[in-house]
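Comments concern the structure below.
The values are calculated or read from the model by the stated rules, or taken from the named source; none is laboratory data. Given the structure is predicted, the values throughout are model-derived calculations rather than measurements. Ideal geometry is used to build each Cβ from the backbone, glycine not excepted, and the neighbour counts take in all protein chains shown. Please note that ligands, DNA and RNA were not included when accessible areas were found on the heavy atoms of the full protein model with its side chains. Shrake-Rupley method; radii C 1.70, N 1.55, O 1.52, S 1.80 Å.
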Amino acid sequence: MPLPYLLLDIDGVLIPFPAADGSTPPTHVRHTVVPMGRDPDAPVPVWLNPAHGPLLTGFPAGGLVTPVWCTSWRKDATTIVGPLLALPKFPYLDLPRPRITTSHPNGYLWKRDHVEQWLGDSAVAWIDDDFTDLDHAWATERTARGHPTLLVQPDPYVGLQPTHLVKVQEWAFLQEVATGPPEGRSKARLASWAPRGHSGGRSSAPTPLTNQSARRSPPGAPPPRTG
C-alpha cells in the first residue's frame, strides 16, 4: 500500500502567532524573510523552533508517511521556511489564492476542498491550527468510508509540540499494521518499530513522493526521481 500523506501547515503550527503582548514562545528564534512577490525592502519577521527540524526530518526517513506542505506559503515553504529548519525539500500543494476574508467561508477550513480533491482515496494525517468542528466531522466520515484521516490541531499561540508528532507516528504505525508495509519493505522492520518522539539526530534525504505509479505528485512539486 502507498504511504499516507502528512500535510503540514506553517502559520500557527511552525510559526506561532504572537500573544496579545507581542511575545512568542521562548523556544522560537526570530528570522527575517522575504516571501515571493514581496518588496525586498519590506521583509517579514517569523519565529521558528530549531528543534522542529530534526523532529520533522525523521518522518520521511522513518518511511511511515510522506510529508507535504499544505500552507498559504506554497512554494516559499520549500524555498524559505524549510531551509531555515534544515529540512529536506518537501513537496508542496500549490493552493489557489481565493479572495476570502475568513479562513472558513463555508464553515470549514478553505483549504479542505482543494485537499480533498487532491487526496482522492489516500490516507492522510493533517496538521493545521485552523480546523472547525465541520472539518473534524469530515475526517470522521472519511475514515468511516475507509480513507483513514487524522486531524491534529495545535494551539496557534504555542505551535507544534512533540506530542503532536508522536500522535502522527502512532496513527501511521497503526495504518501500516492494518495494511502491511509498502512493497519492498520487510515485515521484520514493522515488528521492531515503536512510536517515539525525538530521534535525537539528523536523517537521510526523504523517499521521493512518487515511488509507485499509483501515486501522484502534488501540483507544483518537482517531478519524481526515476533513478
Cα gyration tensor shape for region 49-96, rounded if a/c is under 1.5, else prolate or oblate:
oblate
Ordered by number, the trypsin sites (Lys or Arg not before Pro) in region 44-137 that occupy a DSSP loop and have at most 11 other Cβ atoms within 10 Å are Arg99
Surrounding charge for Glu116, neighbours by C-beta under 13 angstrom, Lys/Arg +1, Asp/Glu -1, total 0
Would you tell me the accessible area of Leu119, worked out with a 1.4 angstrom probe on the heavy atoms of the protein chains, in Å² to the nearest 10?
0
Starting from the Cα gyration tensor of region 83-178, take the square roots of the eigenvalues, sort them a ≥ b ≥ c, and report rounded, prolate or oblate (rounded when a/c is under 1.5, otherwise prolate if a/b is larger than b/c, else oblate).
rounded
Over region 48-134, what is the mean sequence separation of C-alpha contacts under 8 Å (at least six apart), divided by residue count, expressed as relative contact order in percent?
23
Starting from the Kirkwood radius over alpha-carbon pairs of region 1-88, derive D by Stokes-Einstein at 4 °C in a medium of 1.567 mPa s and give it in µm² s⁻¹.
92
For region 4-153, what is one quarter of the convex hull surface built on the Cα atoms, given in nm²?
9.8
Excluding Leu151 itself, calculate the net charge of residues whose Cβ lies under 14 Å from the Cβ of Leu151, where each Lys or Arg counts +1 and each Asp or Glu counts -1.
-4
Residues with beta-carbon under 10 Å from that of Met36, excluding Met36: net charge, scoring Lys, Arg +1 and Asp, Glu -1?
+2
Taking 8 Å as the Cα distance limit and 6 or more residues as the minimum spacing, I'd like the relative contact order of region 91-188 as a percentage.
21
